[in-house]
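J.: I have a structure here, written as structure tokens, and I will follow up with some questions on it.
The values are calculated or read from the model by the stated rules, or taken from the named source; none is laboratory data. Owing to the predicted nature of the structure, the values given are computational and were not obtained by experimental measurement. Cβ coordinates were reconstructed from backbone atoms using ideal geometry, including for glycine residues, and neighbour counts include every protein chain displayed. Remember, those area values only see protein heavy atoms, side chains included, never the ligands or the DNA or RNA. Shrake-Rupley method; radii C 1.70, N 1.55, O 1.52, S 1.80 Å.
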Amino acid sequence: MAEHLDADLAVLTPYLEKLGATPHRAQLITLINWVHTTFPQLKARVAWNQPMFTDHDTFIIGFSTAKSEHCT
């Protein structure tokens, strides 16, 4: 799993730093890098306190994290 964001996703760094060094953070970074690589036309941003991707200012997908140790 990735530990670092792609360079042009730096706008998401402050959000990810709040998560600390957890396995969930590494999974999220891997997922965000994949979305960025697969859909390079999407713009990364943080809105509503979550990382998301938009296209022409239209919401496409966002990611929220839970504080528990499991995913549902």
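J.: What is the spread of the Cα atoms of the chain along each of their three principal axes, largest first, in whole Å?
T.: Its Cα atoms span 35, 23, 21 Å along the three principal axes.
J.: Ok, one more. Exactly which chymotrypsin sites (Phe, Trp or Tyr not before Pro) in the chain are in a DSSP loop and have at most 11 other Cβ atoms within 10 Å? Intermediate results must be reported in sequence, preceding the final value.
T.: Values: sites: Tyr15, Trp34, Trp48, Phe53, Phe59, Phe63; in loops: Trp48, Phe63.
In loop regions of the chain (DSSP not H, G, I, E or B), the sparsely surrounded chymotrypsin sites (Phe, Trp or Tyr not before Pro) are Trp48.
J.: Let me ask something additional. Against the longest alpha carbon principal axis of the chain, how many degrees, from 0 to 90 and to the nearest 10, is the axis of helix 23-38 turned?
T.: So the helix axis and the longest Cα principal axis differ by about 20 degrees.
J.: Additional query: Run the numbers on the range 22-61 and let me know its relative contact order in percent, using alpha-carbon pairs under 8 Å that are six or more apart.
T.: Reported as a whole number, the value is 22 percent.
J.: Over the chain, with the other protein chains present, what is the accessible area per residue in square angstrom, probe 1.4 angstrom? Walk me through the intermediate numbers first.
T.: Working: 5050 Å² over 72 residues.
On a per-residue basis, the chain sits at 70 Å².
J.: Moving to a separate point now. What FRET efficiency do you get for Met1 and Ile60 if R0 is 30 Å and r is their Cβ-Cβ distance, rounded to the nearest 0.05?
T.: The calculated FRET efficiency here is 0.85.
J.: How high is the relative contact order of the chain, given as a whole-number percent (alpha carbon pairs under 8 Å, six or more residues apart)?
T.: In percent, rounded to a whole number, it is 25.
J.: Here is a follow-up. Hey, got a sec? Which GluC sites (Glu not before Pro) in the chain land in a DSSP loop and have at most 10 other Cβ atoms within 10 Å? Could you put the intermediate results ahead of the total?
T.: Working: sites: Glu3, Glu17, Glu69; in loops: Glu3, Glu69.
Sites meeting the loop and neighbour criteria: Glu3, Glu69.
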